[in-house]
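The values are calculated or read from the model by the stated rules, or taken from the named source; none is laboratory data. Just so we're clear, the structure is a prediction, and the values are computed from it rather than from any experiment. Every residue, glycine as well, gets a Cβ built from its backbone with ideal geometry; the counts of neighbours run over all protein chains shown.
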Amino acid sequence: MCGASQQAVIKWIDTGRLEGYCLPASRARRVTRNSLLKFMRENNIPTDSLDNFGKLRLLVVDDEDIVADMVELEFEDEKNVIVRTACRGFDAGIVADYRPHVIILDIMLPDIDGRRVCELIRAGEGGDDVRIIGVSGYTNSINVEEMLDRGFNDFIPKPFSPERIREAVMEHAPSEL
């Protein structure tokens, strides 16, 4: 959140720059939200990451605008869900910065096969923590078992209802949110 290493934050706590505490019988340190916010403001560190803390980050990667729009509309009233969209597999590279919890990933993208995008996400740092829901209108050419073996957590054939997408996203959302 601060754009610093864990060691730097530990040093800030240990030297008293950042108000925090050490857990009993442990070396783990903790900081309250208010202390962190105060520290970030005093040191001109952007606080945008705190605004999104504890919210479900959803990424929709689909070349059909209607799909992305439908998902955005389905979650627009959810204050605890942030939706971002990408229309090409290449654009899904925002995963590195956005770090979504759940990705809705079209299998047939114009620039790269969605299965390859899934493999690249899984191979990257934190890739095992992301839940990936594959979607496609080409259900006759999709082997669902193969997709699950390749790293997808779920598959939904197109067309689908907004309710079905909501159900799948919430099913795969991390329990701590």
Of the candidates SER136, SER161, the one satisfying the condition of being crowded, with 18+ Cβ neighbours inside 10 Å, modelled with pLDDT of 90 or more and not aromatic (Phe, Trp, Tyr) is SER136
task = Could you tell me whether any residue of the range 81-88 is farther than 28 Å from CYS2 by Cα and in contact with a Leu (Cβ under 7 Å, 6 or more places away or on another chain)?
result = yes
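Per-residue answers, yes or no, for (1) touching a His at 6+ places or on another chain (Cβ under 7 Å); (2) in a loop (DSSP other than H, G, I, E, B); (3) charged (D, E, K, R):
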| site | (1), (2), (3) |
| --- | --- |
| PRO100 | no, yes, no |
| ASP111 | no, yes, yes |
| CYS118 | no, no, no |
| ARG122 | no, no, yes |
| MET147 | no, no, no |
| PHE160 | no, yes, no |
| ILE165 | no, no, no |
Taking the range 135-155 and keeping only residues that are touching a Lys or Arg at 6+ places or on another chain (Cβ under 9 Å) and in contact (Cβ under 8 Å) with a residue 24 or more places away in the chain, one is left with VAL135, SER136, GLY137, TYR138, MET147, ARG150, GLY151, PHE152
Restricted to the range 1-57 and to residues being surrounded by 13 or more Cβ atoms within 10 Å (Cβ to Cβ) and of a type in the set (D, E, K, R), the residue nearest to ILE82 (Cα to Cα) is ARG57
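Output the residues belonging to the range 63-82 that are acidic (Asp, Glu), assigned to a loop (DSSP other than H, G, I, E, B) and within 16 Å of the chain's Cα centre (by Cα).
The one that is acidic (Asp, Glu), assigned to a loop (DSSP other than H, G, I, E, B) and within 16 Å of the chain's Cα centre (by Cα): GLU78.
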The condition of being on the phi > 0 side of the Ramachandran plot and not charged (D, E, K, R) holds, among GLY114, GLY134, GLY124, GLY151, only for GLY151
Considering the range 95-142, residues that are closer than 23 Å to GLU167 by Cβ and of a type in the set (S, T, N, Q), and then whichever is nearest to the chain's Cα centre (by Cα), we arrive at SER136
